[in-house]
1. Please list, in chain and number order, the residues 5+ apart from A70 or on another chain whose amide H is under 5 Å from its amide H, with Hs placed from the backbone.
2. Can you tell me the 0 to 90 degree angle between the C-alpha axis of helix 73-83 and the longest principal axis of the chain, rounded to 10?
3. Relative contact order, percent, of the stretch 20-124 when contacts are C-alpha pairs under 8 Å separated by at least 6 residues?
4. Report the chymotrypsin sites (Phe, Trp or Tyr not before Pro) located in the stretch 131-209 that are in a DSSP loop and have at most 16 other Cβ atoms inside 10 Å of their Cβ, or state none.
5. For E195, what is the net charge nearby, where nearby means another residue's Cβ is under 15 Å from its Cβ and Lys, Arg count +1, Asp, Glu -1?
6. Pop out the carbon and sulfur fraction of the accessible area of the chain as a percent, whole number, probe 1.4 Å.
7. Please name which of L158, Q144, T52 has its Cα lying farthest along the dipole of the stretch 48-158 towards the positive end, using unit charges on Cβ (Lys, Arg +1; Asp, Glu -1) and the Cα centre as origin.
8. Give me the one-decimal nm value for the distance between modelled label points at D89 and V185, 7 Å along each residue's Cα-to-Cβ direction.
Amino acid sequence: MPEFPDPESRNALAADCRRCPALVDSRECISWGNGSLDADLVVVGEAPGAGTPAADRWRGGNWTGMAYTARHSGRKIRELFADLGYDPDECYFTNAVKCFPEGEDGSNREPTADERANCRPYLEREIGTVEPRAVIATGKHATQSLLATEDRDLDGFLDAVLEPVSLANLDTTLVPVLHPSYQEVWLSRLGYTRESYLAAIDETLAEIG
């Protein structure tokens, strides 16, 4: 399990952000980015889930304070990049929204546009600090947050999967991929096996250079 970067170089602009009252009420802690600050890839998720506080290891960002550390999504996305030949400890993992957005039933709800906008300066600061070759957006909301840095909208997420987009303002390239929670559902519908999907990601990243 990755550790926090040194506090002096961590991405946090504020120790206790309170920009979104609903998120302040629902979170256990802020889920900051984690991993190598010299990473070739920054992997961006939607938001931390409710998590599993009693878990030995994969408790989730809402409890660990570190993005993509839940058993379901965190383990899967780290395994995916390991299978691509990337050491997960040499990537940087974060979320578009840093706090758990709780729905009426206690599970995740989709973060609102305002919540994504409030968190965007943190995300931009992280990417500017790491200076990655590419930013991998896992899912629709992460992709929307990154396109918004160029004042662009998302017109159909599935059509955007593995279509690189230059992010001039961040001096990097966006590559949208399927969110790990929905990967099994959509792979076959998009005509991929897991092996061909990995090959397509690898080819896309190779073309970025």
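1. G60, G61, R75
2. With both axes taken from Cα atoms, the answer is about 30 degrees.
3. Details: 210 pairs, mean separation 37.3, N = 105.
It comes to 36 percent, rounded to a whole number.
4. Details: sites: F157, Y182, W186, Y192, Y197; in loops: Y182, Y192.
Filter output for the stretch 131-209: Y182.
5. Details: positive: R194; negative: E79, D83, E184, D202, E203.
Here the charged neighbours net out to -4.
6. On the way: 4310 of 9880 Å².
The computed percentage sits at 44.
7. Sorting the options by dipole projection puts first T52.
8. Those two pseudo-labels are separated by 3.5 nm.
The values are calculated or read from the model by the stated rules, or taken from the named source; none is laboratory data. Computed from a prediction, not measured in an experiment: that's the story for all the values here. Heads up, the Cβs are rebuilt from the backbone with ideal geometry, glycines too, and the neighbour counts pull from every protein chain shown. Quick note on the areas: whole protein, heavy atoms, side chains included, nothing else; ligands and nucleic acids left out. Shrake-Rupley method; radii C 1.70, N 1.55, O 1.52, S 1.80 Å.
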